[in-house]
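J.: Could you have a look at this structure, given as C-alpha cells, before my questions?
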Amino acid sequence: MKASNKKYTDLIICLIMDFLGMSTYSIPILGELGDIVWAPFSAMVFFLLFRKKIGLIGGAFNFLEELLPATDIIPTFTIAWIGKYLIGNKHDDILVEQKEETKKLN
C-alpha cells in the first residue's frame, strides 16, 4: 500500500472511531455503560493504528477519555492522526534538511 493511501485510510479509520466513540452520547445512561465495553476496544485499535510511543501513550489516554464521563467529545484519533501525518511530517522534513546540511559541511 502506498504511503499516501495508508495516510487517508488511517484518516477514515480515525474519523469512524471518533464518531463511534462520540455516538454513545445519543443513548443517555446506557451510553456511559457502553463506554465500559468500548474503552478497551478503542484503546487497542488506537495502539494498533499508531504503534510505538504515540500508540502506547495515546491508547492509554484514549482508554481514560472513553471511560470518564463527558469526555467522549474529544476526537482523540483525529488529533493523533493530525500529529502523525501533518505535524509529524513537517518535523521529519526539518530533520532531513538538517542532515543534508550536515553532510554538505563534512
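The values are calculated or read from the model by the stated rules, or taken from the named source; none is laboratory data. These numbers come from a predicted model, not from an experiment. Quick reminder, even Gly has a Cβ in these numbers, built from the backbone with ideal geometry, and neighbours come from all protein chains shown.
J.: LYS103 is checked against (1) assigned to a helix (DSSP H, G or I); (2) at pLDDT below 95; (3) surrounded by 13 or more Cβ atoms within 10 Å (Cβ to Cβ) and fails just one. What number does that condition carry?
T.: Condition (3) is where LYS103 drops out.
J.: If you check ILE54, ILE29, ILE12, which single one turns out to be without any contact (Cβ under 8 Å) to a residue 12 or more places away in the chain and within 22 Å of ILE87 (Cβ to Cβ)?
T.: On inspection, the qualifying residue turns out to be ILE12.
One line per residue, one yes/no per condition, for (1) over 19 Å from ASP18 (Cβ atoms); (2) at pLDDT 95 or above:
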{"site": "LEU30", "(1), (2)": "yes, no"}
{"site": "ILE36", "(1), (2)": "no, no"}
{"site": "MET44", "(1), (2)": "no, yes"}
{"site": "LEU86", "(1), (2)": "no, no"}
{"site": "GLU97", "(1), (2)": "yes, no"}
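J.: Tell me, which residue of segment 32-51 that is touching a residue at least 12 places away in the same chain (Cβ under 8 Å) and over 14 Å from PHE77 (Cβ atoms) is surrounded by the most Cβ atoms within 10 Å (Cβ to Cβ)?
T.: My answer is ASP35.
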